[in-house]
Amino acid sequence: MDFGLSQEQQLVVDTVRRFVEDELYPLEAEVERRGFVPRELGREIQRKVIALGFYAPNIPQEFGGGGLDHLGFTLLERELGRAAMALTVWWGRPSNILCACEGEQRERYLLPATRGDKIDALAMTEPGAGSDVRGMSCTARQAGGDWVINGTKHFISHADIADFVILFAATGEEETRSGRKKRISCFLVDRGTPGFEIRPGYNAVSHRGYHNCILSFSDCRVPASQMLGGEGEGFALANAWLHATRLTVAAMCVGRARRAFDLALRYAVERRQFGQQIGKFQGVSFKLADMSTEIDAADYLTLAAAWQLDQGRKADRPIAEAKLFASEMLARVTDAALQIYGGMGLMEDLPLERLWRDARVERIWEGTSEIQRHIISRDLLRPLGG
Amino acid sequence: MKVLVAVKRVIDFNVKVRVKADKTGVETANVKMSMNPFDEIGVEEAIRLKEAGIATEIIAVSLGVAQCQETIRTALAMGADRGILVQSDAELQPLAVAKLLKAIVEKEKPELCILGKQAIDDDCNQTGQMLAALLGWAQGTFASKVKREGDRLLVTREVDGGLETVKLKLPAVVTTDLRLNEPRYASLPNIMKAKKKPIETLTPEQLGVDVAPRLVTLKVEEPPKRQGGRKVASVAELVDKLRNEARVI
């Protein structure tokens, strides 16, 4: 067993960390204040990352991507997690599901997304279908050679900057062993398609410059060639390609927690009260010990889950464990870091209050903590007949 | 033109350096190590020379423990073509390093050697000058600009009074100053390629160089803690304190 990073992995970590610290940190406060990233600024970040050959690092080299394995990509996400998502979204990591593109779809979606010519967004969640994804009411019905889409999606991350969305919609129902279920299919829908509207979403407590959108489809007609995979294969595709998005959340939580911790650690040495460094008080030093322990634990869980994927093993449970623990750890660590800073921690002059607010969504999106616990316990109990 | 760049593994500039308990040196165990920032500037300059069609091959050389390979790998990921590690666990002082580099120069026959003006660990600022002297080559130290002009090299140097430009006959040794350039990030394709670039490992014995230290370190101590400043009420009091307490006037 080797717990160290290879030289290449270390170089990826060092490079991403340096880019994030030098190029992105200085922009964060302004982005948070204004609540958005000006398009030209986003494009500039994108151009720099493309020049570094670090754009679409998760996409295989045969499609022009960086070709990182799961462990390498997870390390990259961990370092990106230090910075605000409003900025890191421009460090394009197209959805892996685009690798399922066939024929002309590759030219229209996968390759432009990998080059940075087009930006994708994933549209799954609906007002009435959150954790219960299959309960979605957005439908697509066949009409001639086309599909006609109707329905509403919400909480669709960064759809405001997307050129196309990867949409999941119900295309019928079928009898299964566990009763009648909707058949879900996946579509690639271009911005500007008649009947497809992208509207601003809600103002959230977390990730203020990184926007969610509401998508409405009203008799939106797309040709059959824009269906990704076969009819009714939407969930199979999602299961095959999207499991790693949870791992991404876990990795980003570890990076962000480490940043909050680094700030708190330094402050514990600099700040003096009652004639000594506050780090000399056990109330502070033990907090730091617990924070470090938890961050390391989440880090190892996350990297181990990525390693499992690279070994070609089923990793649903390790990924769920990593996502659950890392997101809950982040809440505790950012809270403790803020506590060590005292009143100053609450002020917008420091990044801590933002890290603390941003942490909240991580226990909700990409599967709530409850859904992760469900996945973990189901995996444990099922083999025993549970 | 073949270019040789020396890269030293040093304690990362972000690390707060601590003196070892036995005062024989500074603590390096479990400390983040990186490439000497001035050497990074050297690698960047070599790459720019290559991009400008002046350099044909860049060889990154590091001398020291086995982990110096990581420093070489960083240079390769930035864009150097191959590496040479002279592996030794001994303490390598500037003269020994200069002699080892001279032996490598004789083996590789580069036309230009680029070194950092100094390493941020010992701040010696000697190796480049020693190497040029040992080789009998021209030297342009503290370079803030390097330009090729025919078979000469124009080097702008940062000197106390401002800037000085010297014209060097090649082959030459150049040492880098802070403002020469801003080193690039390693690109992902280059990181991937770096794995396949060769690193040759040699020993001081193979190069026939005696690296025994000529200087002995007696003791390493923390600098004295800075005393807090004091406010004075009047110029007269200040003059009085300077004269009678500080005894500087």
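Just give me the residues in segment A:93-114 being in a helix (DSSP H, G or I), in contact with a strand residue (DSSP E or B) (Cβ under 7 Å, 6 or more places away or on another chain) and open to solvent by 10 Å² or more (accessible area, probe 1.4 Å), in sequence order. Before the answer, list the steps.
The initial filter retains those residues of segment A:93-114 that are in a helix (DSSP H, G or I), namely A:96-100, A:104-114.
With the extra rule that they be in contact with a strand residue (DSSP E or B) (Cβ under 7 Å, 6 or more places away or on another chain), the set shrinks to A:97-98, A:100, A:105, A:109, A:113.
Passing the criteria: A:A100, A:Q105.
Among residues of segment B:67-104 being open to solvent by 50 Å² or more (accessible area, probe 1.4 Å) and touching a helix residue (DSSP H, G or I) at 6+ places or on another chain (Cβ under 7 Å), the one that is nearest to B:M35 (Cα to Cα) is B:E70. Of the residues A:Q372, A:Q311, the single one that is farther than 24 Å from A:P26 by Cα and either open to solvent by less than 80 Å² (accessible area, probe 1.4 Å) or in contact (Cβ under 8 Å) with a residue 40 or more places away in the chain (or both) is A:Q372. Taking the conditions (1) of a type outside the set (F, W, Y); (2) surrounded by fewer than 17 Cβ atoms within 10 Å (Cβ to Cβ); (3) touching a Leu at 6+ places or on another chain (Cβ under 9 Å) in turn, A:G343 satisfies each one other than (3). Here the helices (runs of 4 or more DSSP H) wholly within segment A:33-92 that include at least 2 residues being away from chain B (no Cβ under 13 Å) and more than 13 Å from the chain's Cα centre (by Cα) are A:39-51, A:70-80.
Against the list (1) surrounded by fewer than 17 Cβ atoms within 10 Å (Cβ to Cβ); (2) modelled with pLDDT of 95 or more, the condition B:D122 fails is (2).
Counting only residues that are free of Cβ contacts under 8 Å to residues at least 60 places away in the same chain, open to solvent by less than 70 Å² (accessible area, probe 1.4 Å) and either more than 17 Å from A:W307 (Cα to Cα) or at the interface with another protein chain (Cβ under 10 Å from one of its Cβ atoms) (or both), segment A:1-20 holds 6 of them.
Only residues that are on the phi < 0 side of the Ramachandran plot, open to solvent by 50 Å² or more (accessible area, probe 1.4 Å) and small (G, A, S) were counted in segment A:261-282, giving 0. Only residues that are of a type in the set (S, T, N, Q), in contact with an Asp or Glu (Cβ under 8 Å, 6 or more places away or on another chain) and either over 18 Å from A:A224 (Cβ atoms) or without any contact (Cβ under 8 Å) to a residue 40 or more places away in the chain (or both) were counted in segment A:136-158, giving 2. Selection of segment A:130-168 for residues being among the hydrophobic types (A, V, I, L, M, F, W, C) and closer than 16 Å to A:L242 by Cβ yields A:V133, A:M136, A:F155, A:I156, A:V165, A:I166, A:L167, A:F168. You will find that of B:K193, B:K197, the residue that is within 14 Å of chain A (Cβ to nearest Cβ), under 19 Å from B:A6 (Cα atoms) and of a type in the set (K, R) is B:K197 and no other.
The values are calculated or read from the model by the stated rules, or taken from the named source; none is laboratory data. Bear in mind that the values here come from a model prediction, so they are computed numbers and not experimental data. Backbone-built Cβ (ideal geometry, glycine too); neighbour counts: all protein chains shown. Note: areas computed on protein heavy atoms with side chains; ligands, DNA, RNA excluded. Shrake-Rupley method; radii C 1.70, N 1.55, O 1.52, S 1.80 Å.
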